[in-house]
Amino acid sequence: MHPLLVQIIDTPQFQRLRYIKQLGGTYFVFPGASHNRFEHSLGVGYLAGYLVRTLKERQPELDITQRDILCVEIAGLCHDLGHGPFSHMFDGRFIPLTRPDLKWKHETASVQMFEHLITSNKLEEVMKSYGLVLEEDMLFIKEQIGGPIDETSCVTSWPYRGRPKEKSFLYEIVANKKNGIDVDKWDYFARDCHHLGIPNNFDYKRLLIFTRVCEVKNQKHICTRDKEVGNLYEMFHTRYCLHRRAYQHKTGNIIEIMITEAFQKADKFFEIRGSGGKVYHISTAMEDMEAYTKLTDCIYQEILHSSHPELEEAREILRKVERRELYKFLGETRPESKKEIVKSNSLAESIANSKPEKDPPDVELKAENFIVDIINMDYGMKEQNPIDNVHFYCKADPSKAVSISKEQVSKFLPIIFTEQVVRVYYKSQDPDVISAAKQYFIQWCMENDFTKPQVTNSLIIFLGHLALDQAGERAASPNTRGHPGDECS
């Protein structure tokens with residue numbers, strides 16, 4: 001490992017990543033998922049260097065310099081410096097709830113934390129001593145992590161300023177905005193699958209063997225052999241499987257929702273000292289990198305074991321997590337139509353108002369006790385097939401880039417590349433209340449063109465009543481379309 005990388009690692013800003021779980025609340029479900037952002041960052045830094053050195057050796061004409069290699073390694077190493085407590089729970093759940101008007105991403109904080117790391121540890125002169133040109137190379141590293149610094153430059157043909165267009169391929173190694181094939185994914189697929197006990201069918205080592213740079217429309221892109229297209233589909237399918245089986249696990253998600261709720265209640269009472277002694281809170285710490293350096297998963301334990309009366313509500317929620325008294329899962333459903341569901345408070349209110357007409361339960365249900373979790377799963381580019389943005393080369397002419405359509409690969413591939421799942425929970429441990437809440441949820445699904453949720457045997461009788469009622473309605477009105485999936489699943 002390069003000495004400069006070692007000096008970056010041995011700083012408080014980088015060591016902070018030892019205390020942020022890679023998979024957040026998933027660790028509460030998969031005990032093997034105890035790994036942190038620290039080791040993932042080391043892996044990405046290593047793979048970034050390995051890939052760029054492979055390209056330099058394979059294609060000397062690319063004029064990849066030692067400066068380029070070192071900058072790519074630093075970007076890989078530092079790409080996740082900006083993650084908050086419990087990783088994606090922080091920027092995916094907590095910040096949108098506490099600061100809904102703030103368009104904030106952890107990549108933005110990664111760039112800011114990298115700057116803070118370099119300046120506060122006085123590494124500028126060290127960087128220069130290893131041949132880096134600060135003005136150009138700091139910009140290049142930050143662009144690899146967070147994209148173009150000047151958003152207005154995106155309207156031009158080449159939006160980056162750290163490296164010229166002739167080296168465009170260097171921006172596709174750490175965080176590939178073009179098609180999502182990058183060393184960040186290569187590391188976390190292998191690492192997460194290992195710790196979760198989920199098979200990884202994607203072989204990044206094989207892909208490295210066949211990676212080279214080709215020119216496409218006057219711009220250089222990283223390409224791979226045509227015969228590796230199946231391996232790439234496996235890569236994106238692995239991503240989907242990890243989301244479906246682990247990252248979006250129903251129990252892991254509700255635990256993150258409860259931790260988020262606890263942090264939300266603790267927010268204005270939890271103080272973090274930043275630069276100049278200024279006080280910040282959980283939701284504002286990322287405004288000051290000195291304060292943000294102190295914000296890790298450790299705040300969970302600090303709140304749980306605190307004695308401040310103002311934190312009692314937050315403490316009680318975390319105690320429930322510890323005792324596994326989680327909000328109860330009512331079921332999950334999917335929209336029958338192609339409409340996209342956007343999370344809002346009106347969904348919970350709508351479910352709370354969906355009282356079953358036949359044998360309604362004699363229980364009062366409150367809208368604020370319904371938790372609606374909307375999950376989007378895809379191949380990384382929403383409804384688009386990411387392979388459409390990948391270029392390949394053939395053995396006959398390695399310098400020429402070609403595209404490969406899905407139809408050329410196999411008929412046994414996805415037609416739709418995104419799906420949306422709606423999960424509903426209820427804040428109660430009372431079996432009668434939960435049974436009633438499930439009936440309300442099922443009624444809502446039937447009324448709003450959603451698939452029938454998977455249910456337990458205790459609700460089969462209720463579903464039978466619904467099926468009989470719908471059968472009677474269809475008999476009275478032959479032109480009425482029956483709801484798909486009327487049979488109990």
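The values are calculated or read from the model by the stated rules, or taken from the named source; none is laboratory data. Predicted, not measured: the structure shown is a model, and the values here were computed from it. Neighbour counts are summed over all protein chains in view; Cβ atoms, including those assigned to glycine, are modelled from backbone coordinates with ideal geometry.
Side notes on the structure shown:
- Tallying residues that are touching a Ser or Thr at 6+ places or on another chain (Cβ under 8 Å) and over 18 Å from residue 186 (Cα atoms) within the stretch 230-262 yields 2.
- Taking the stretch 236-289 as the range and being among the charged types (D, E, K, R), over 22 Å from residue 318 (Cβ atoms) and without any contact (Cβ under 8 Å) to a residue 24 or more places away in the chain as the test, the residues that pass are 273, 278, 287, 288.
- Residues (among the charged types (D, E, K, R) and part of a helix (DSSP H, G or I)) located in the stretch 9-56: 16, 18, 37, 39, 53, 56
- Within the stretch 251-281, the set of residues being farther than 24 Å from residue 374 by Cα and among the aliphatic types (A, V, I, L, M) comprises 266, 272, 279.
- Residues of the stretch 143-202 satisfying the condition of being assigned to a loop (DSSP other than H, G, I, E, B) and charged (D, E, K, R): 150, 161, 163, 177, 178, 182
- Residue 142 being within 29 Å of residue 108 (Cβ to Cβ) and either modelled with pLDDT of 95 or more or not assigned by TED's automatic domain parsing to the domain that holds residue 393 (or both): yes
- From the options 48, 33, 75, residue that is in contact with an Asp or Glu (Cβ under 7 Å, 6 or more places away or on another chain) and either buried (at least 22 other Cβ atoms within 10 Å of the Cβ) or of a type outside the set (Phe, Trp, Tyr) (or both): 48
- Residues located in the stretch 107-142, provided they are part of a loop (DSSP other than H, G, I, E, B) and either farther than 18 Å from residue 11 by Cβ or free of Cβ contacts under 8 Å to residues at least 60 places away in the same chain (or both): 122, 131, 133
- Note on the stretch 351-387: residues that are touching a residue at least 60 places away in the same chain (Cβ under 8 Å) and farther than 18 Å from residue 435 by Cα amount to 9.
- The stretch 279-309, residues that are in contact with a Pro (Cβ under 7 Å, 6 or more places away or on another chain), of a type in the set (A, V, I, L, M) and over 12 Å from residue 266 (Cα atoms): 295
- From 262, 314, 291, residue being in contact with a strand residue (DSSP E or B) (Cβ under 7 Å, 6 or more places away or on another chain), in a helix (DSSP H, G or I) and not assigned by TED's automatic domain parsing to the domain that holds residue 199: 291
- Scanning the stretch 239-259 for any residue that is touching a Leu at 6+ places or on another chain (Cβ under 7 Å), closer than 30 Å to residue 168 by Cβ and assigned by TED's automatic domain parsing to the domain that holds residue 60 turns up nothing.
- Selection count, the stretch 57-74, where residues are assigned to a helix (DSSP H, G or I), in contact with a strand residue (DSSP E or B) (Cβ under 7 Å, 6 or more places away or on another chain) and of a type outside the set (Lys, Arg): 1
- Among the residues of the stretch 271-280, at least one is surrounded by fewer than 12 Cβ atoms within 10 Å (Cβ to Cβ) and of a type in the set (Gly, Ala, Ser).
- Residue within the stretch 175-183 that is more than 17 Å from the chain's Cα centre (by Cα) and at pLDDT below 95 present: yes
- When the stretch 415-449 is limited to residues that are within 21 Å of residue 248 (Cβ to Cβ) and without any contact (Cβ under 8 Å) to a residue 60 or more places away in the chain, the one that is surrounded by the fewest Cβ atoms within 10 Å (Cβ to Cβ) turns out to be 416.
- Test: residue in the stretch 131-139 that is touching a strand residue (DSSP E or B) at 6+ places or on another chain (Cβ under 9 Å) and farther than 28 Å from residue 272 by Cβ: no
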